[in-house]
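What follows is a single structure, written as structure tokens, with notes after it.
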Amino acid sequence: MSVKIFACKNCSAAITFNIEAQKWICNYCSAEFDKDEIKEKTVSDSGVEKKEDLSVKLPDLDEYVCSACGSVLLCEENTAATFCLYCKSPTVIKSRFSGEFKPRYIIPFKLTEKEAQEYYSAWIKKRFFAPRSFKTAKEVDNIRGLYAPYWLFDCKVSGYIEGEGRIVRSWRSGDYRVTETKYYDIKRAGYADYSRIPVDGSEHLEDELMEGVEPFMFSEMKDFALEYMSGFLAEKYDLDESKALPFMQNRAQKFLETTLKTAGDQYSSVSINSKNLSVNAPVAAYSMLPIYILTNFYKNKPHRFILNGQTGKIYGQTPYVVSKMIIFFITVFLATWIVSIFAGGAIYAFL
Amino acid sequence: MLFYKIIIFIIKFTKHYSLSNAFINKPLGKSSFYSKFFLFFLITAIFITTPAGASAKQRVFDNGSLLSEEEIVTIQQVLDRVSADYDTDLFILTSTSLNGVTPKKHAEDFFWGNNHGTRDESGVVLVVDMGERDVWMATFGRAIQTFEPEVQTIISGITPDLTAAQYSDAFLKFSSYMEKPLLEITKPTYLEYVKKMATNWPAYIIALLAALISTGVLSFNLKGAKLVTNKTYEVPDSFVLSETRDTYLRTTTTRTKVSSSSSGSSSGGRSSGGGGGKF
């Protein structure tokens, strides 16, 4: 099983995908290349073979030999692209992208690491009750970018909902407030097509966080090519299509349910008594989508933040400092109280 | 004027977020010019309406024809001034005959029937009835307590003038008698109103709401916003509503009584205090 290194035509050094230019740039001679112009440094299968798993202590690691410097790479089971620890050459583990693991699509990184840091820095500062340690430059520096494995599902959903709709009107009549509620028995049936519903294919990346950085701009999605991996970390999926399907079905059913609930848009509220929604003809495309991950610790508990590597959307488990909240609450309470007694007293006195 | 200055101070304070800047006469900038202007307008409107309200009333009802036109005007002006200054509604009623109604009741009917009285229903009505030769001073609201010790002195003070048919002098002397005790117990000061606000629930509720809402808003997006909706992944125009059924069931109507502005505390209801005699 071989490791691919993409080489510069001029100087044979490794080339990586440069985010700002959206092209490949040689790290040594700065030559630029489009995807079609890249030459693969051939690495014969004989020179590099997957060694037996020697480390009993870390059963999830496999060993590979770096074709640039000959040293041994230790990779986690799902790592598909990484850097050699010794010579820092960007390496792509071809076998982890082959067969069932060959992705169909990729969205290349749009934000550089520095931009990601800036976005995150601005975002965390806006979270008023977050601990101050999270907002320092040192913590922000720990961001790392990675291509995450995703299943993008197309499907059709059809079904119906039945329940009760209410129209509420309220008005003032003399000394009374009158509230009138009209009740309707409603049924709505329909169907819709959905395209590219993402389900993340990695068990250890929390689904809630991954959904939080959606949506991705699929208009910028390209057919997958190994070259894009060069210079980045990437993981292959460990949640296969059949296991990802139930997650997708859940989301798709909820989408149609909401669309049906709000169709016509005349009711103040709708409560559903029975429903039946089925997902049909799911088709999945395995794709690589760019994200930045940051894990910070607060009170010895990890807090993970995910940044969308294309759009910059951020979502994370921000901790809140309880004492900050209490102090803020008390301050606002006192300030408002003082202003209202003086202002109220003034109004009372002078009117 | 003081009120106006206080409001401007608060605006400056909130704009610059520091006490030192608020004391300096820093120019506020364009947006706050409009708020300043609006506030000035509002306050002027308030100041205009308040005194106007006090002077629009007729205070001398000379049904007994005891005074000349000019005397009525003079006394009216004096009563206007004292009423406004001391926040107490003053009236003088004269009559040829009360038709058996006691002067006290006459004063009460007049005062309550015409909804006189300042916000805490404070007022004084002097009744002079030629028919029975009664003079009566009726006090209402806060004025009851203010004048309780003084009523007889005042009556004794003006009775000689009434006997001598010097009605104008009597009434002017009456007005001056109003000022002295009222001076001692004037309308509640601004600080007393502040204390009243501080001990009542509305201020606490407002402060609690403000604190809850602001803390809630800032905690709301702690994790980040969720942008995905039910339409995000839907193929445009692919949604088809194949069946709808809306069947009317019933209507329920609820009526809740909304209490109108809470009645202020009125000691003694519709009664009055005071005293009087013959002249």
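The values are calculated or read from the model by the stated rules, or taken from the named source; none is laboratory data. Predicted, not measured: the structure shown is a model, and the values here were computed from it. Every residue, glycine as well, gets a Cβ built from its backbone with ideal geometry; the counts of neighbours run over all protein chains shown.
With respect to the numbered conditions (1) of a type in the set (A, V, I, L, M); (2) under 30 Å from A:Leu307 (Cα atoms); (3) at pLDDT 85 or above, which one is the sole condition not fulfilled by B:Leu222?
So the condition that B:Leu222 fails would be (3).
Going through region B:203-223 one residue at a time, which ones are assigned to a helix (DSSP H, G or I) and at the interface with another protein chain (Cβ under 7 Å from one of its Cβ atoms)?
Answer for region B:203-223, where residues must be assigned to a helix (DSSP H, G or I) and at the interface with another protein chain (Cβ under 7 Å from one of its Cβ atoms): B:Ala203, B:Tyr204, B:Ile206, B:Ala207, B:Leu208, B:Ala210, B:Ala211, B:Ser214, B:Thr215, B:Leu218, B:Ser219.
Mind counting the residues in region A:246-305 that are buried (at least 16 other Cβ atoms within 10 Å of the Cβ), more than 12 Å from chain B (Cβ to nearest Cβ) and part of a helix (DSSP H, G or I)?
Number satisfying all stated conditions: 2.
I'd like the residue in region B:159-200 that is among the β-branched types (Val, Ile, Thr) and part of a helix (DSSP H, G or I) and, out of all such residues, is modelled with the lowest pLDDT.
B:Val194
Output the residues belonging to region A:195-212 that are of a type in the set (Asp, Glu) and either surrounded by 18 or more Cβ atoms within 10 Å (Cβ to Cβ) or within 8 Å of chain B (Cβ to nearest Cβ) (or both).
Residues satisfying the conditions are A:Asp200, A:Glu211.
Let me spell it out: the conditions are (1) in contact (Cβ under 8 Å) with a residue 12 or more places away in the chain; (2) farther than 24 Å from A:Ser242 by Cβ, and A:Phe97 meets all of them except one. Which number is the exception?
Only one criterion is unmet by A:Phe97, namely (2).
Do you know which of the residues in region A:160-194 that are of a type in the set (A, V, I, L, M, F, W, C) and within 17 Å of B:Lys257 (Cβ to Cβ) is farthest from the other protein chains (Cβ to nearest Cβ)?
A:Trp171
Output the qualifying pairs, or none if there are none: Cβ atoms under 7 angstrom, residues six or more apart or on different chains, first residue in region B:233-257 and within 30 Å of A:Cys155 (Cα to Cα), second residue surrounded by 10 or more Cβ atoms within 10 Å (Cβ to Cβ) and modelled with pLDDT under 90.
B:Leu241/A:Ala263; B:Thr244/A:Gly264
I'd like the full set of residues that are in contact with a helix residue (DSSP H, G or I) (Cβ under 7 Å, 6 or more places away or on another chain) and closer than 28 Å to A:Ser195 by Cβ, limited to region A:138-165.
A:Gly145, A:Tyr147, A:Trp151, A:Phe153, A:Cys155, A:Val157, A:Gly159, A:Ile161
Testing A:Pro215 on (1) loosely packed, with under 13 Cβ neighbours inside 10 Å; (2) assigned to a loop (DSSP other than H, G, I, E, B), one condition comes back false. Which one is that?
(1)
Go through region A:77-134 and give me each residue that's part of a strand (DSSP E or B) and within 18 Å of A:Ala14 (Cβ to Cβ).
A:Thr79, A:Ala80, A:Ala81, A:Thr82, A:Phe83, A:Pro90, A:Thr91, A:Val92, A:Ile93
Among the residues of region A:306-342, which ones are facing chain B (nearest Cβ under 8 Å), under 30 Å from A:Gly145 (Cα atoms) and among the aliphatic types (A, V, I, L, M)?
Answer for region A:306-342, where residues must be facing chain B (nearest Cβ under 8 Å), under 30 Å from A:Gly145 (Cα atoms) and among the aliphatic types (A, V, I, L, M): just A:Ile314.
Checking the structure you have, find out if any residue of region A:324-336 is part of a loop (DSSP other than H, G, I, E, B) and either of a type outside the set (D, E, K, R) or free of Cβ contacts under 8 Å to residues at least 40 places away in the same chain (or both).
No: region A:324-336 contains no residue that is part of a loop (DSSP other than H, G, I, E, B) and either of a type outside the set (D, E, K, R) or free of Cβ contacts under 8 Å to residues at least 40 places away in the same chain (or both).
Check B:Ile144 against each of (1) touching an Asp or Glu at 6+ places or on another chain (Cβ under 9 Å); (2) in contact (Cβ under 8 Å) with a residue 40 or more places away in the chain; (3) over 18 Å from B:Phe171 (Cα atoms) and name the one condition it does not meet.
Failed condition: (1).
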